[in-house]
Structure formats: structure tokens, C-alpha cells
Amino acid sequence: MPVDLDADAFEALVDRALDEIPEEIASLVHNVVVLVEDEAPADDPDLLGLYDGVALTEREGWWGGQLPDRILIFRGPLLDYCDTIEQLEHEVRVTVVHEVAHHFGIDDDRLHELGYG
């Protein structure tokens, strides 16, 4: 049975997951906004999270003046995926780390190898 958690409590889980990222990594994340959306895009309704931007490894030259990259965390699919609050906390943490890793240019195959797939 899916977990039932209101939007504010869910956002608190995302904030906690972001706070758990080690400072030496978090300090390298620039011009990125993390947003919680209720649902994933219609073309991929089971998607848990999405990095929308240009990875640091793919940027060339001066990169100032750009809109921020976005990390989207999808509340509905995560709630549907999990049966307990403990599982939800774990999956939110994994999803946040997964999407932050994309900012650094780490692809899905490598993330799966590392247990963040």
C-alpha cells in the first residue's frame, strides 16, 4: 500500500536528503535548484526524479548568465513506489543523490553500479 505523506512533510524529506550530501560535494554544486513536483511527466509517469540541465563535465567556456539547472523530485511516483515511511526516506535519499550525480556527469549505468539506480 502506498505511503501517504503531505507535501510539506515530503519536502522535509527532500531537504533532509540534500542536507546529508557531504559538504565537500555539496560545495561543488552551483546554479542548481531542487524542486518537488506532484507528478512525473505524462510520457514517463513512473519517473522518480529528473536532472534538467547541462552536466559540469559537458560545459564549455564561460558558463555565467545561464538559468539554473533543475533537479525535479516527483512526489506521487515516490509515494506510490513505497510501502513504508522508512522505504520512502531511503528512496528519496537515493533519488536526490542520483539526480545530483547527473549534475557531475555520472550516467545511469555507473549510478546503478554504485547502488543509486
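Only the coordinates and a few stated rules stand behind these numbers; no lab work does. Just so we're clear, the structure is a prediction, and the values are computed from it rather than from any experiment. Here Cβ is always computed from backbone atoms with ideal geometry, including for glycine, and neighbour counts include all displayed protein chains.
Restriction of the chymotrypsin sites (Phe, Trp or Tyr not before Pro) in region 36-66 to DSSP coil positions whose beta-carbon has at most 10 other beta-carbons within 10 angstrom yields Trp62. Cβ-Cβ distance of Glu20 and Asp52, R₀ of 30 Å, FRET efficiency by 1/(1 + (r/R0)^6): the value works out to about 0.85. Only Cα pairs under 8 Å and 6+ residues apart enter the sum, and on that basis the relative contact order of the chain stands at 35 percent. Comparing the chain with the 2.2 N^0.38 Å rule of thumb, its C-alpha radius of gyration ratio is 1.07 (two decimals). Compared with the dominant Cα axis of the chain, that is its longest principal axis, helix 7-19 is turned about 50°. Residues considered: Pro41, Pro68, Pro22. Largest GNM mean-square fluctuation over the chain, using C-alpha springs under 10 Å, is found at Pro22. Counting every pair of alpha carbons in region 2-71, the share spaced more than 17 Å apart comes to 57 percent. Amide H to amide H distances under 5 Å link Cys82 with Val3, where only residues 5 or more positions off or on other chains count and H is placed in the peptide plane. From a point 7 Å beyond the Cα of Leu35 in the direction of its Cβ, which residues of region 44-60 have a backbone N at a distance under 16 Å? Counting only backbone N, you get 48-54.
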